[in-house]
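**Student:** I have a structure I would like to understand better, so I am pasting it below and will then ask my questions one at a time.
Readers should treat all values here as calculations from the given coordinates under stated rules, not as data from a laboratory. Since we're looking at a predicted model, the values are computed, not measured. Cβ placement follows ideal geometry from the backbone for every residue including glycine, while neighbour counts extend to all protein chains displayed.
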Amino acid sequence: MKFLGAPAIAAIFLAACASAPAEQPFDLAKPEAFVPGVTTKAEAIASLGQPTSRMGGPEGASTIFYEFNVTPTEANGNVSRVSLMLLFDPMDKFVSKRNLGFGK
């Protein structure tokens, strides 16, 4: 399976940013429990809710994005937006996660 390069990830991130972020953040500890090769995309969505956006990838892989606005008290006073990217293989099994952006 091929993984996306930095330019492709940047393009995906920019596309994800075009969507309006959700109002309420999910528990940021939940994605930590996702097991590569075990957790399915359906299980991830059931745990986190509907993603902000989705993209197909090479050879049937896919990516889902979550973006949330958070208040300073929820983010230790420093963060106003959380962006999370979850990668899945062609069989919809979790591969990895990336925190793409924390900041104002």
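**Student:** Work out how much length Asn99 to Arg81 would gain on full extension: take 0.36 nm times their residue separation and subtract the Cα-Cα distance, in nm to one decimal. Each step should come with its number before you reach the end.
**Tutor:** Numbers: separation 18, 0.36 × 18 = 6.48 nm, distance 1.11 nm.
Difference between extended and current length: 5.4 nm.
**Student:** With a Förster radius of 25 Å, plug the Cβ-Cβ distance of Gln50 and Met91 into 1/(1 + (r/R0)^6) and report the FRET value to the nearest 0.05.
**Tutor:** Plugging the Cβ-Cβ distance into 1/(1 + (r/R0)^6) gives 0.75.
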